[in-house]
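Trainee: Structure incoming, see below.
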Amino acid sequence: MRKFFFISFITVSFSFACSSDYSCSLGYKCVKAPYESRGTCMKKVDEYGRQDYDYSRDMNFGVKTEGDCSFNTDCPIGFRCDSYYKTCVKN
């Protein structure tokens, strides 16, 4: 089964700019819009909306060239595709 990495939209207003996951607190991920070198720290949640406690961090320096989703149908129920970050976020 495919493991999903979803971002909680609620945390966007309390987050800050980042260049990699190392710029974010534990349990948060640096989410970048396509072709952007800086992103926003957002809380990681699973496909059910529960906090994802996977503490591994990615060295995601550089620019992301494509998104994780394009349409809301690319995301599970209760999530939507954020048009700027191109990732599934919790409603």
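Trainee: Applying 1/(1 + (r/R0)^6) with R0 = 35 Å to the Cβ-Cβ distance of Thr73 and Glu36, what FRET efficiency is obtained, to the nearest 0.05?
Mentor: On the way: r = 24 Å, r/R0 = 0.69.
Approximately 0.90, to the nearest 0.05.
Trainee: Can you tally the net charge around Tyr35? Count Lys and Arg as +1, Asp and Glu as -1, for every other residue whose Cβ sits under 13 Å from the Cβ of Tyr35.
Mentor: On the way: positive: Lys32, Arg38, Lys64, Lys86; negative: Glu36, Glu66.
Result for the local shell: +2.
Trainee: Also, quick follow-up: Please give me the summed charge of the neighbours of Cys69: other residues whose Cβ is under 12 Å from its Cβ, Lys and Arg +1, Asp and Glu -1. Kindly include the intermediate steps, with their values, before the conclusion.
Mentor: Details: positive: Arg80, Lys86; negative: Glu66, Asp68, Asp74, Asp82.
Local net charge: -2.
Here, each number is a calculation from the coordinates, and none is a lab measurement. All of these numbers come straight from a predicted model, not from anything done at the bench. Reconstructed Cβ throughout: ideal geometry from the backbone, glycine too, with neighbour counts over all protein chains shown.
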